[in-house]
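Dumping the structure here so I can ask a few things about it.
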Amino acid sequence: MKIIGKFFVLFIVSALTFCCFFSACAVNGDIIEEDFFMSMTNIQQYPKNYSDIDIRYDCFTYKLTDINGQDHLCGVRQCSSGFGCTCGNDTIIGFLLEYDGEIPEPRNQSEKSVEKTWVHIEGRLKDTELREIQIYAYTDGKIDYQKKPETVKFLVLTVSEINLINDYQNLKYYVTK
Amino acid sequence: MASKRAQAEKAQADKERRYAQSVSALRNFPLIAIGVSVVCLMLLFLNFANIYNTNMNSGKGGNEIFYTGYQLFFAAISGSFDSPNEKLFGHISVYNYHTPAETQLSGILVLISVIFVVAIIGLSLWSFLGKKPIFNVVSAALFSAIFIMFTVCFIVIKTSPIMIKYQCNLKVCSLHSLAIIPAIVALIGAAVSCFASVKYFIARKILKA
């Protein structure tokens, strides 16, 4: 009887361990600051895993102007162009935003400072296709027509809610792995 | 007639005594197998794949993306090669994105290897407590299989084309794997178990002679 009891306890503990383990495997739509780069990379690499879940994250608004002069509003943070490199080729990581309402205008978007327009965004991926946007390269904050245009790829987020963040001093505008 | 029978009985008793002596010399081999298996399991904490970047941490080198043997094992057992959970799976999702076949194959190999290692521990315990040296033969076969699987895993990781897809034009990164270390330890386990198996078969010949 004691042996059966021990096996029962062992079975329950194993079952709970497996439940915890597999719940940890499930993807989550809440992107926290510590995992921002890794989560965004994962969403871009496996968008199908996130197509049916709500995505929530803090970011600053950013206006991309393509080579045709069309503006695209994004919710992003700055990061290195390589996964973990510090080569100085910084870029942005986030989503193109589609919203019925008004998206707050970006400010100081290219400056190396936290003084930007910070927002909390909630929404779902519009689809799993990456949009390619061709942009001019910048040198010292100005368009450099000598360089070849770059192609950046973004997923589109259909925003359901967007809230301005006033207390943003502790948020990181630059994220790394 | 009686003396012939007594002689035969004495010879048989002598054979059994020599057999028992030979087999008792094998008594500690299962413990060695358990020790080697535990070392194998410990070595799964090593990085089975890592991309080293010489230009990280403000000019200093460092591991850019990596995963350990256990993280590969967890990914294989749960099928979550695409999970962003760094603590549980390291950066397997990035490797899986660029080289899915290689990543998943190495995961399956590690999963089977871990099952075999656990099987060796169980069998060796049974062998030690039940005085059944025949299980040294099984351990030898399992250790050999583990050696092959870890070696294949090492080769698959090292020869995967991830650097072509991941690194682009940067020449500052290099791909490394420590999966060969548990393979070497498994080879030592196989050698020890093979030695014990040979000694066991020699001991059995005493009985048959």
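The values are calculated or read from the model by the stated rules, or taken from the named source; none is laboratory data. The structure displayed is predicted, hence computed values, not measured ones. So basically every Cβ, Gly included, is an ideal-geometry build from the backbone, and we count neighbours across all protein chains shown.
Looking at the range A:14-29, can you tell me whether even one residue there is at pLDDT 75 or above, closer than 29 Å to A:Thr158 by Cα, out of contact with any strand residue (DSSP E or B) (no Cβ under 6 Å at 6 or more places or on another chain) and surrounded by 13 or more Cβ atoms within 10 Å (Cβ to Cβ)?
Yes, some residue in the range A:14-29 is at pLDDT 75 or above, closer than 29 Å to A:Thr158 by Cα, out of contact with any strand residue (DSSP E or B) (no Cβ under 6 Å at 6 or more places or on another chain) and surrounded by 13 or more Cβ atoms within 10 Å (Cβ to Cβ).
Among the candidates B:Val192, B:Val172, B:Val156, B:Val114, which residue alone is in contact with a Leu (Cβ under 6 Å, 6 or more places away or on another chain) and in contact (Cβ under 8 Å) with a residue 24 or more places away in the chain? Before the answer, list the steps.
Details: B:Val192 fails: in contact with a Leu (Cβ under 6 Å, 6 or more places away or on another chain); B:Val172 fails: in contact with a Leu (Cβ under 6 Å, 6 or more places away or on another chain); B:Val114 fails: in contact with a Leu (Cβ under 6 Å, 6 or more places away or on another chain).
Result: B:Val156 is the single residue among B:Val192, B:Val172, B:Val156, B:Val114 that is in contact with a Leu (Cβ under 6 Å, 6 or more places away or on another chain) and in contact (Cβ under 8 Å) with a residue 24 or more places away in the chain.
Would you confirm whether or not the range B:13-21 contains a residue that is away from chain A (no Cβ under 14 Å), in contact (Cβ under 8 Å) with a residue 40 or more places away in the chain, surrounded by fewer than 14 Cβ atoms within 10 Å (Cβ to Cβ) and out of contact with any Gly (no Cβ under 6 Å at 6 or more places or on another chain)?
Yes, because at least one residue in the range B:13-21 is away from chain A (no Cβ under 14 Å), in contact (Cβ under 8 Å) with a residue 40 or more places away in the chain, surrounded by fewer than 14 Cβ atoms within 10 Å (Cβ to Cβ) and out of contact with any Gly (no Cβ under 6 Å at 6 or more places or on another chain).
Follow-up question, since we're still on this one. Looking at this structure, is B:Gln104 part of a helix (DSSP H, G or I), over 30 Å from B:Asn28 (Cα atoms), modelled with pLDDT of 95 or more and in contact with a Gly (Cβ under 7 Å, 6 or more places away or on another chain)? Write out each step before concluding.
Details: part of a helix (DSSP H, G or I): yes; over 30 Å from B:Asn28 (Cα atoms): yes; modelled with pLDDT of 95 or more: yes; in contact with a Gly (Cβ under 7 Å, 6 or more places away or on another chain): no.
Considered against the rule, which asks whether it is part of a helix (DSSP H, G or I), over 30 Å from B:Asn28 (Cα atoms), modelled with pLDDT of 95 or more and in contact with a Gly (Cβ under 7 Å, 6 or more places away or on another chain), B:Gln104 comes out as no.
Only one of A:Glu150, A:Glu115, A:Glu122, A:Glu111 is among the acidic types (Asp, Glu), surrounded by 11 or more Cβ atoms within 10 Å (Cβ to Cβ) and over 22 Å from A:Ser80 (Cβ atoms). Can you tell me which?
Going through A:Glu150, A:Glu115, A:Glu122, A:Glu111 in turn, just one is among the acidic types (Asp, Glu), surrounded by 11 or more Cβ atoms within 10 Å (Cβ to Cβ) and over 22 Å from A:Ser80 (Cβ atoms): A:Glu122.
Another question, then. Is it fair to say B:Ile92 is at the interface with chain A (Cβ under 9 Å from one of its Cβ atoms) and of a type in the set (A, V, I, L, M, F, W, C)?
no
Among all residue pairs at least 6 apart or on different chains, which show Cβ distances below 6 Å where the first residue, located in the range B:57-68, is within 7 Å of chain A (Cβ to nearest Cβ) and within 18 Å of A:Val175 (Cβ to Cβ) and the second is surrounded by 15 or more Cβ atoms within 10 Å (Cβ to Cβ) and at pLDDT 85 or above?
That search, which allows pairs on different chains as well, returns B:Glu64/B:Ile51; B:Ile65/B:Ile51; B:Ile65/B:His91; B:Ile65/B:Val94.
Turning to a different aspect of this structure: So which residues in the range A:36-51 are at the interface with chain B (Cβ under 9 Å from one of its Cβ atoms), hydroxyl-bearing (Ser, Thr, Tyr) and surrounded by fewer than 22 Cβ atoms within 10 Å (Cβ to Cβ)?
Matches in the range A:36-51: A:Thr41, A:Tyr46.
Kindly check whether there is at least one residue in the range A:132-141 that is in a strand (DSSP E or B), within 15 Å of the chain's Cα centre (by Cα) and either among the charged types (D, E, K, R) or on the phi > 0 side of the Ramachandran plot (or both).
no
Also: In the list B:Val198, B:Val138, B:Val94, which residue meets the criterion of being assigned to a helix (DSSP H, G or I) and either of a type outside the set (A, V, I, L, M, F, W, C) or in contact (Cβ under 8 Å) with a residue 24 or more places away in the chain (or both)?
B:Val94
When the residues of the range B:95-106 are filtered to those that are under 14 Å from B:Ile65 (Cβ atoms) and within 12 Å of chain A (Cβ to nearest Cβ), which remaining residue is surrounded by the most Cβ atoms within 10 Å (Cβ to Cβ)? If you could, list the steps in order and put the result at the bottom.
Filtering the range B:95-106 for residues under 14 Å from B:Ile65 (Cβ atoms) gives B:95-99, B:103.
With within 12 Å of chain A (Cβ to nearest Cβ) added as a condition, the list becomes B:95-98.
Numbers: B:Tyr95: 29, B:Asn96: 24, B:Tyr97: 20, B:His98: 18.
Top of the filtered list is B:Tyr95.
Another question, if that's okay. Report, by residue number, each residue of the range A:34-54 that is farther than 19 Å from B:Asn96 by Cα and within 9 Å of the chain's Cα centre (by Cα).
A:Phe36
Let me ask something additional. Name the residue that is modelled with the highest pLDDT, counting only residues in the range B:69-86 that are facing chain A (nearest Cβ under 8 Å) and within 18 Å of B:Leu46 (Cα to Cα).
B:Phe74
Right, next: Output the number of residues of the range A:30-62 satisfying the condition of being modelled with pLDDT under 90 and in contact with a Leu (Cβ under 8 Å, 6 or more places away or on another chain).
Qualifying residue count, the range A:30-62: 1.
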